[in-house]
Amino acid sequence: MPEMTPAQLAQLEARIAEVWEVGSRLGLRPFPTHFEIVPATVMYEIGSYGMPGRFSHWTHGKAYQVQKTLYDYGLSKIYELVINTNPCHAFLLDTNTVLQNTLVAAHVMAHSDFFANNAYFARTSRRMLDTVSLNAVRIERYEFEHGEAEVERLLDAVLSIQEHVDLYATEDEGQPPEVPPARQPGPYDDLWRHDRLAPPDVAKPAQRRSRRRPAEPVRDLLAFIRDHSPILDDWERDVVSIVRTEMQYFIPQIQTKVLNEGWASYWHARIMRELDLSTDEHVEFARLHAAILQPSPRRLNPYYLGYQILLDIERRYGEQHLFEVREVENDVSLIRNYLTRELVDELDLYLYERQGDELVIVDKDWQAVRERLSGELGGNQTPVILVEDGDYEGNLELYLRHSWDGRKLDLDWAEKTMEHIYRLWGRRVWLETKADDQSRLLLSYHPREGHKQHR
Amino acid sequence: MFSISLTRDDWSLHRKGVIDQARHMQKVKEAIKQNLADIVSEQSIITSDGKKLVRVPIRTLEEYRFRFDPNSYPQVGQGEGGSKVGDVIGRVGPGQGPGQGKQAGDQPGIDYYEAELTVDELGQLIFEDLELPNLEEKRLRELESEAVRFTDIRKHGPFANLDKKRTIRENIKRNAKRGNPRFGGIKNDDLRFKTWDRDVTRESNAVVIAMMDVSGSMGTFEKYISRAFYYWMVRFLRTRYDHVEIRFIAHHTEAKEVTEEEFFTRGESGGTRASSAYQLALQMIEERFDPASWNIYPFHFSDGDNWPSDNDLCRRLAEQLIERCNQFGYGEIRQGRYAYQSTLMHTLERIHSPKLVTVTISDKADVYPALRRFFGPEAREVARA
């Protein structure tokens, strides 16, 4: 497809202004937004890195290759990319038609409005573009100082646990509580030996509590490793910190994917209907809208699901209520509060599983569907791993516990991940979870002894 | 305060994605190299025509993390209305790769990452540091055949090489431009001369004699291993050397020279007299491949189950072969039941010569190490010693 001509560019600029006017009149309050027209390769690059200018790593290259292959074979196409910053940055494909890019602009406007107004983004840094560039420069410097292979191995390890960040951790969490000063040894302590008793207070665990032993289990694995790892150098702690900062930024987007896409789809449809389009353009719009909202038998299309739930809310409570929903809900609360029995039936949602080589529908009960859905959305597809002890057995070993919610861990993958964690902790790593029969299962890893399972 | 803006910049120097993609491809290559021993003996490759795509699982490039067991709980999907419990919505076949899913693992049944490459690409990885060991320059001068070919036309040159036809044509063309199309009044500008290139072709001066035991005692496994080895050896020689000759000898109690196709497809039966193959190889060298001008590489694969009375003769003939050749390779395929030292290996090992290289293969994964032992950097070390 040819790229846009200057005349088309001027036309698009006028259209975007129109979109903004309509959207503002209808109540959207987006950040100021900058649109950039880019070629497909750049679009796919930004898509696979999550953001332009992020640090180099082969996993990004792998994602880029997948995206580009899908595009080259005509299997998938990214239409829009929005970066949550203030001002907001959006990327348009230079091979799109004016109408396609107009629709994308309307979609982008709603995303920008969502970023600006949804409660889950209240603490998000809006200068992330600058931050990731600075991070990339630092990582490049570490590559120069310590070797690319060394930095790559470290990043491999850190990225394997990048999802284990706690957005709501306060800085003092995980610090041991104040303990009374230890009792001073007295001249008659040796008498206790005859009673085979420990002298009072002196050897109590509470007093030996190291700062590596959190008072309450913490779920911010990255922060814990950054602060307490016995082996990491300062630059390595910085790399952990970089990955954590960037994940903190991405997590609210993961938590609100369905709602955000639904919101944007609702508004692009609404705004496009207000524009003065030719008949041909109307047909093109209808076709594109249908393609975006295409349901899929195996994977939920977040655009479709979110759009349908919001339409239903609008039908029942009116458009004004939608603005409230976009302000206070995330994916899980949206599903819990608004996915009704009627909607599950109407959208024909079901649960399926693998039986032999076949994928078979096993349940259509609306509450079962709702339950599973909230387990898959909003970051809930990542198991919760808690740090119980960073000084296990008084030996600086790391004791992790999988917070059981009825779903089994992939043990094979867990073992491989523990090897990565060992790279960051340098002592034996423990992981407590449950086996098939729900009994307690304890895994441990140390390179000298390999993987062990304790029951 | 602006609220919207639109720009189009030049992104043509933007390369980050491409650079990281290259690093990823490099890691894929490394991962494949680590698995070469397993891949090399893959049945589907040996029997393919070389254009086939090979799928190689790469576990080291998996992005491991804590995740739930993807097959242990149901997932949510959506139909087009009217779906019922028990409906089949799809299949997962063994051939389903990550091309279908965006990431490996987001669909049940696809739980590892695979790379796809052609047999030729695979060959390049395998042959990267292989070469014929101990290759000597044998009377290279005499083997060069030289020819002179006229290949170009220029405006200057010795008059002996004047191209009369072209010169006349140029002259007529020039006259025609002035409205007088005829021959006459030749100027320097009309002259055309032929120039030539020296065409040097170096005749091939290496021959590989591939000998294989096809007797009855060679079971399916033994034959498969010998063929797998020779398959890669032939590919390697053809890829790396333009003019290496390859001769094929199949033997049981008698040996005969066979075509490449027969060598790779036919099976025979009967007892084993390895001396017959060595005899034929010697005869071949005698008649066609003078050791003074040829680098000679005999290879022999067998299960070692030779007639005991033949062993002494074998040793004498093998010694003669070794005298005439650059390297003599012997591979013996022994599975568990032949764990004792077989007669042929025992016999050959009494010859003490750095030119004799032997390997024992007891597993499919030993084919790749065997290739490296005969052609790899280690073999060159031995040959130099």
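Nothing in this text is a laboratory measurement; each read-out follows from the coordinates by a stated rule. Just so it is clear, the structure is predicted and the values come from calculations on it, not from any experiment. Every residue, glycine among them, receives a Cβ derived from its backbone with ideal geometry; neighbour counts consider all protein chains shown.
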### Query
Given Cα pairs under 8 Å that are at least 6 residues apart, what percent is the relative contact order of chain A?
15 percent
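Calculated from DSSP H runs of 4 or more alone, at -39500 (n - 2.57) each and per residue, what is the 222 nm mean residue ellipticity of chain A, nearest 500?
Numbers: 17 runs with 230 residues, N = 455.
Helix contribution divided over all residues of chain A: -16000 deg cm²/dmol.
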### Task
Would you be so kind as to identify which of B:ILE153, B:PHE193, B:ILE172 lies farthest towards the positive end of the dipole of region B:143-202, taking Lys and Arg as +1 and Asp and Glu as -1 on Cβ and the Cα centre as origin?
B:ILE172
### Message
Can you tell me, using C-alpha contacts under 8 Å and at least 6 residues apart, the relative contact order of region A:385-454 as a whole percent?
### Response
25 percent
### Query
Between B:LYS173 and B:ARG288, how many nm apart are label points set 7 Å from Cα along the C-beta direction?
5.0 nm
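Just how large is the dipole of region B:206-384 about the Cα centre, in debye to the nearest 20, putting +1 at every Lys and Arg Cβ and -1 at every Asp and Glu Cβ? Working shown, then result.
Values: 22 positive and 25 negative charges, 96 e Å.
I would put it at about 460 debye.
Going by how many other Cβ atoms sit within 10 Å of their own, how do A:PHE250, A:PHE55 line up, fewest first?
A:PHE250, A:PHE55
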## Note on the structure
Computed from the beta carbon distance with a Förster radius of 41 Å, FRET efficiency for A:PHE144 and A:ARG211 to the nearest 0.05 stands at 0.75
### Task
Considering only DSSP beta bridges where both residues belong to the protein assembly as shown, give the percentage that are antiparallel (nearest 5).
60 percent
### Message
Based on DSSP loop calls and a cut-off of at most 11 other Cβ atoms within 10 Å, the longest stretch of chain A free of exposed GluC sites (Glu not before Pro) is what?
### Response
A:179-392
### Query
For the pair A:THR95 and A:THR340, what calculated FRET efficiency results from E = 1/(1 + (r/R0)^6), where r is the Cβ-Cβ distance and R0 = 45 Å, to the nearest 0.05?
0.65
### Query
Measuring from label point to label point, each 7 Å out along Cα→Cβ, what is the A:SER403 to B:GLU245 span in nm?
7.7 nm
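Mind pulling the per residue volume of the convex hull built on the Cα atoms of region A:297-379? Å³ is fine. Don't jump to the answer; show the numbers that get you there.
Working: hull volume 7.6 nm³, N = 83.
Roughly 92 Å³ of hull volume per residue.
Are there any chymotrypsin sites (Phe, Trp or Tyr not before Pro) in region B:147-239 that are in a DSSP loop and have at most 15 other Cβ atoms within 10 Å? List them by number.
On the way: sites: B:PHE150, B:PHE159, B:PHE183, B:PHE193, B:TRP196, B:PHE221, B:TYR224, B:PHE229, B:TYR230, B:TYR231, B:TRP232, B:PHE236; in loops: B:PHE183.
In loop regions of region B:147-239 (DSSP not H, G, I, E or B), the sparsely surrounded chymotrypsin sites (Phe, Trp or Tyr not before Pro) are B:PHE183.
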#### Entry: Shape call, the protein assembly as shown: gyration tensor on alpha carbons, a/c limit 1.5
oblate
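Take the cross-link list A:LYS62/B:LYS223; A:LYS434/B:LYS84; A:LYS452/B:LYS29; A:LYS77/B:LYS27; A:LYS434/B:LYS33; A:LYS77/A:LYS257 and give me the ones stretching past 29 Å between alpha-carbons. Before the final figure, lay out the partial values.
Details: A:LYS62/B:LYS223 40 Å; A:LYS434/B:LYS84 33 Å; A:LYS452/B:LYS29 31 Å; A:LYS77/B:LYS27 27 Å; A:LYS434/B:LYS33 37 Å; A:LYS77/A:LYS257 18 Å.
Long pairs (Cα-Cα over 29 Å): A:LYS62/B:LYS223; A:LYS434/B:LYS84; A:LYS452/B:LYS29; A:LYS434/B:LYS33.
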### Task
Calculate the length of the line joining the C-alpha centroid of region A:222-250 to that of region B:274-302, in whole Å.
66 Å
### Message
Using the Cα centre of the protein assembly as shown as origin and beta-carbon charges of +1 (Lys, Arg) and -1 (Asp, Glu), tell me which of A:ILE385, B:GLN75, A:TYR71 is placed farthest towards the positive end of the dipole.
### Response
A:TYR71
### Message
Over 20 Å intervals from 0, what percent of Cα-Cα pairs in chain A sits in each interval?
### Response
20, 49, 25, 5, 1
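Step by step: find N for region B:206-384, compute 2.2 N^0.38 Å, then divide the Cα radius of gyration by it. What's the final number? Kindly include the intermediate steps, with their values, before the conclusion.
Working: Rg = 14.8 Å, N = 179, 2.2 N^0.38 = 15.8 Å.
Normalised by 2.2 N^0.38 Å, the Cα Rg of region B:206-384 equals 0.94.
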#### Entry: Computed label-point distance, nm, for sites B:LYS194 and A:ASP412 using a 7 Å Cα→Cβ extension
7.1 nm
### Query
Amide H of B:ILE246: which non-local residues (sequence gap of 5 or more, or other chain) have their own amide H closer than 5 Å, using H built in the peptide plane?
B:VAL208
### Summary
With the label point 7 Å along the Cα-to-beta-carbon line of A:ALA14 and a cut-off under 17 Å to each amide N, the hits in region A:65-100 are A:98-100
### Query
What FRET efficiency would be calculated for the residue pair B:ASN35, A:ASP156, taking the C-beta separation as r and a Förster radius of 22 Å, to the nearest 0.05?
0.70
### Query
Along the positive direction of the dipole of chain A (beta-carbon charges: Lys, Arg +1; Asp, Glu -1; about the Cα centre), which of A:LEU339, A:GLY375, A:ALA7 reaches farthest?
A:GLY375
#### Entry: Mean projected area (nm²) of the alpha-carbon convex hull when region B:143-202 is viewed from all directions
4.6 nm²
### Query
So what are the ³J(HN,Hα) numbers for region A:330-346, from phi and the Karplus equation (6.51, -1.76, 1.60; θ = phi - 60°), rounded to whole Hz, Gly and Pro as x?
10, 4, 5, 5, 4, 5, 5, 8, 10, 7, 9, 4, 4, 5, 4, 5, 4
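Ranked by Cβ crowding within 10 angstrom, fewest neighbours first, how are A:ARG326, A:ARG287, B:ARG240, A:ARG427 ordered?
A:ARG287, B:ARG240, A:ARG427, A:ARG326
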### Query
How high is the relative contact order of region A:307-421, in percent, counting Cα pairs under 8 Å that sit 6 or more residues apart?
15 percent
### Query
What's the exposure ranking of B:ASP152, A:ASP276, A:ASP357, going from fewest to most Cβ atoms within 10 Å?
A:ASP276, B:ASP152, A:ASP357
